Amino acid sequence: MRKLSLSSNPQNRRYLVEAAVILAAWTVFGMILTSQVYMQATLGGREPPLIIILRSSMITAYLWALETVVIFSLARRIPLERRRLALAIPVHIIAAGVISAARVAFMIELLGPRPFAPLFWGGTSTNVLYYALLLGIAHAVMYYDRYREGERTAERLAAGLTEARLQALKMQLQPHFLFNTLNAISALIPSEAQPARRMVARLGDLLRIALDHEETQEVTLKEELAFLEPYLEIEQARLEDRLKVTMQIAPDTLDARVPHLLLQPLVENAIRHGIASRIEPGNVEISAIRATDRRSLVLEVRDDGPGMERDQHVRTRKGVGLANVQSRLEQLYGSDHQFALMNHRDGGVVVKVTIPYRVGDTMSARGSER
């Protein structure tokens, strides 16, 4: 049978640490008291043995250490709270008197016979004052513990809320591009069965990859590009020569961690507004580089379409996909990211995403921590 010690329980360990701190604090108090009494006696022309002063001072200090432990225990069991004041105040007044009497009795036992009443009434005011001070300290420690526990609870709730939001956003995003793809397939099936079958096959690839990464919030850029490939094949089968896709991916960015399903909605937005809405061919350019400071990853998706008119509000260019991307970036990176949708100086529209450059293990929905 395994033996259990007091220190095996976290709460017991906390109480042991608290008792050790109390003992250490009152030991320091006893040493300071010893030096003060000795210096006063020396300045007054007397030279009592140091050991006697030390003994008396340390007895005083350790009695207060024991009383501090008792007061802290009483404070936890009967705190001075509004709903319990009628009980707590009388109990602590009685406790202060009992502790003061016990202290006097103990001092008489240790230091020799002395009259009890003068010592009790003479030291009661000091003892009660010390009791009230220690009771206040005990409540301050208790309130601080509650505050820290509240912070930890809030952090756990915030982490759970962030996790739930990320999952909800991904669940919203996946059907969004799926329905758009199904609409593209349905437009091709009546006239060209072979391209339609090919698109269905590529759609199966998309679904398989999406399910494989169902609980993943971050993947490497290389994995994200691999996921984007079947989607681009579907769009190129739909638009044929009207769509050209070029990629400029810096080699040192391929292992960088990016949000899963980041590029697909950006590319879809570019194709939908910049390419599919016109007759002439168009180009979508995807680029990835590290920023000058080497601490950020910069992703851009640009189309060479007509761009946004000056009086056109940016939100008219944003659908579910881009709104979802922005929400996920906010959840994953907070203020450590940038998202910009703007007209490119050479024509068309560019979406620019800047996130921290990080490599290593990908981050799952259950354990995502920034």
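The values are calculated or read from the model by the stated rules, or taken from the named source; none is laboratory data. Source: prediction; values computed, not measured. Cβ placement follows ideal geometry from the backbone for every residue including glycine, while neighbour counts extend to all protein chains displayed. Accessible surface areas use protein heavy atoms only, side chains included; no ligands, DNA or RNA. Shrake-Rupley method; radii C 1.70, N 1.55, O 1.52, S 1.80 Å.
Where does the charge balance sit around residue 39 when Lys and Arg score +1, Asp and Glu -1, over other residues with C-beta under 12 Å from its C-beta? Value of the local net charge: 0.
Net length available on complete extension from residue 86 to residue 42 is 10.9 nm, with 0.36 nm assigned per residue and the Cα-Cα distance removed. Between the amide H of residue 260 and those of 218, 219, distances stay under 5 Å, these residues lying 5 or more places away or on another chain, with hydrogens modeled in the peptide plane. For the pair residue 248 and residue 116, label points projected 7 Å from Cα toward Cβ lie 9.5 nm apart. For the peptides 31-44, 337-350, the ranking by packing is 337-350, 31-44, with the highest mean count of neighbouring Cβ atoms within 10 Å listed first.
When nucleic acids and ligands are ignored and a 1.4 Å probe is applied, residue 76 ends up with an accessible area of around 80 Å².
When a 1.4 Å probe is rolled over the protein heavy atoms, the share of accessible surface on the stretch 16-74 that falls to carbon and sulfur comes to 76 percent. Fully extending the segment from residue 294 to residue 101, taken as 0.36 nm per residue of separation minus the present Cα-Cα distance, adds 62.4 nm. Using a probe of 1.4 angstrom and keeping all protein chains present, the accessible surface of the stretch 8-90 works out to 65 square angstrom per residue.
Cβ-Cβ distance of residue 344 and residue 278, R₀ of 22 Å, FRET efficiency by 1/(1 + (r/R0)^6): the value works out to about 0.85.
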